[in-house]
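Rule-based calculations on the coordinates, nothing more; no lab input. These figures come from a predicted structure and were not determined experimentally. Cβ sites come from the backbone with ideal geometry, for glycine too, and all protein chains shown count toward neighbours.
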């Protein structure tokens, strides 16, 4: 019954006299300091002794959360072989009318029926005789049940009042019954003067607690029974549907409907007494309701991080995360999830005020930061990774309050990354993800815990918000990347596509710079779409006029032969970069994601693989792409290609001047094409090949065919990075069997091409052919092929040189082609070719 009506015992005297309601002040022990694990006659706290003090939950021990208001307390567990004894040294002569008062209760321990039976007595010395042994209450006062704390007040015996030092003794005995005995708890023990309390309690605070709960605090502890009666409260015309005690002076009132934000309410309170029986005067409080748990993105801000503290600096060697409240109302941290990439923790109760900074720190080190401001102990602590991590504050699995991601690069240098510097947010009032704006602190302490950041600036970001890229991640998902963070979009109607694709949902990604768009149905491959985004808002909450748009295409995966090696510069001029050009031979948009270049090692396997295809990258139908380590320098070196499609990557595989192999690697890691180059493949009349690329003549002829490569034309800067090759053949075959292109050429390169190409197309493979060049007088000048087995198509090139490698004279020459089919039939074809020169 004592656990049900705890207030009854407040007015029971256990020193043979009636107790009156009192308040007091004197020698007090709240048991908040750690116990020294020392037993009688050694102290476990100053002036306190126990017969068996332990650091486990047995005999006499300290409990961390079972005291009044969830504080620490002293606990005793009597068992059949142990009865607890506790001595307290007191100084009654300091008071005229000293009394001892304390709070005690029992909690259930197992299923036994035994009470913890408590006696008290007095003595003049610690080791002397104790007299007046008296039972505290009855033998069942502290039964094996869960009770509330009750206050007990005892008179100091008259013969001891004038002594400078006396001793008070508790005995906690193993009671009668069966099974286990109750566990006994003691808290807030005090010796002092008692002053009669006749003042009724008053309401000190009324405010929101959750969306349908109120926080009601009184100026003193109130009766734990009367304060839970629903009839004692009325909010406008509604009674609470539930009431719970947060502590001895605070109750939480819950209502059936949600309360309205920023609405004025009146709360009436009546018939609520304090612990001494003084009843509250009927009171009506008018207040404006705000929900301190109404969290949205950026309601609170992660304002500063200390991932890598150092022991030799001015700040403590403690990790911390600083929160800032940029709003004009307070918020409750309790229940928020604080996490990094590996672990999470639930934050305890703390009310953060408007404009307040509060530090989150590991519970075992939090006290080291108290000199810098308010600190919330977090246990377990999500240990931050020095090399980079993502710190998140969330109110649900998908409801992010704020998030900061950092990396080693966030410190802008190893000196700062390894020097014990914190990372600061420049402007906590921005409504965007601040990860991109993190910088190392410039404060002399290398951090600003609990105060405004050293880098604080309220300046508006000057750069205009733009779409940097937009691409399909999957057929039914698009990623849009902006040049800076933006205020999160929450309405899918703000995104449209044409031709029409219905948007299912959207969400923000990529440190606040990315937008993911989920589609109801998949897009059509290689079809151009226009993406439009409207009603965007800046990081300061200012709407952006108009809309942003971007073209995008669902690229297809390339098959073998769809992407080819088209041009190679392996002997660049001093200061210029080498490059490799690829070409899309199809009429489709091809994905380049995860494609790479490589060379071959001594075992003939791909080596030094360099990925050039990034997320969302693609190559359009018939488009070229030159890959180098310096696009700007490449444009300067080859001005005619300034508008060409160029891609810069950190490094290329090694392509030696003396010869090597270029390997094209697909997104599946397969070597889809190889080109083995040699300086001898250049035009024989080019004396200096430095800065001259080798261009593929025909995309339909294999890269391994040496005659399919020729030096780029001097009239086209000797290289054509990112655009059509200067020596490329047209795709149309305009003749029967044999075609010469061009029919007139100049080996010196004074006009047009420096070589001519002889193409053939046959109706079946297996033909044998000879290709020869004769002068107008009938003399053999050059043999291009002699009795070679031919495929269905192929090419030969003539550079205008004779059998000795010398340049021939300008004039008319005859190409003689002799073909023999499988049946022995012979076909002879003669074609005119002209070698020109400068006049």
First check a/c for the range 420-520, with a ≥ b ≥ c the square roots of the eigenvalues of its C-alpha gyration tensor; if it is under 1.5, answer rounded, and if not, answer prolate when a/b is larger than b/c or oblate otherwise. prolate
Could you state the number of Å between the C-alpha centres of the range 209-264 and the range 110-149? 37
Which of 635, 532 comes first, and how do the rest follow, when ranked by fewest Cβ neighbours within 10 Å? 532, 635
Any chance you could check the Cα centroid distance between the range 703-774 and the range 646-680 for me, in angstrom? 23
Give the relative contact order (percent, whole number) for the range 597-659; include only Cα pairs under 8 Å separated by 6+ residues. 36
Ratio Rg/Rh [Cα only; Rh per Kirkwood] for the range 555-728: 0.93
Extension gain from residue 806 to residue 236, taking 0.36 nm per residue of separation minus the Cα-Cα distance: 194.3 nm
Give the peptides 125-132, 793-800 in descending order of average Cβ contacts within 10 Å, highest first. 793-800, 125-132
Based on alpha-carbon positions alone, could you give the equivalent ellipsoid semi-axes of the range 301-440 from the gyration tensor, as √(5λ), descending, whole Å? 22, 17, 15
Relative contact order (%) - criterion: Cα under 8 Å, at least six apart; region: the range 59-102: 27
If I take the Cα coordinates of the range 730-839 and project them onto the principal axes, what are the three extents in Å, biggest first? 48, 32, 19
Please arrange 466, 578 by how many other C-beta atoms lie within 10 Å of their C-beta, fewest to most. 466, 578
Here FRET efficiency (C-beta to C-beta, residue 670 to residue 81, R₀ 60 Å, nearest 0.05) is 0.20
Classified through the alpha carbon gyration tensor (a ≥ b ≥ c as square roots of its eigenvalues; rounded if a/c is under 1.5, else prolate when a/b is larger than b/c, else oblate), the range 203-289 comes out prolate
Determine the relative contact order of the chain: mean sequence separation of Cα pairs under 8 Å and six or more apart, normalised by residue count, in whole percent. 6
Extension gain (nm, one decimal) between residue 202 and residue 468, 0.36 nm per residue minus Cα-Cα: 89.7 nm
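Compute the Rg/Rh shape ratio of the chain: radius of gyration over Kirkwood radius, all on alpha-carbon atoms.
Reported Rg/Rh (Cα atoms, Kirkwood Rh): 1.24.
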Order by protection proxy (mean Cβ within 10 Å, highest first), peptides 741-750, 417-426: 417-426, 741-750
Taking R0 as 25 Å and r as the Cβ-Cβ distance between residue 71 and residue 363, the FRET efficiency 1/(1 + (r/R0)^6), rounded to the nearest 0.05, comes to 0.95
Where the centroid of each part is defined by its Cα atoms, how far is the range 270-320 from the range 398-429 in Å? 25
In what sequence, highest mean first, do 705-716, 808-819 appear when ranked by Cβ atoms within 10 angstrom? 705-716, 808-819
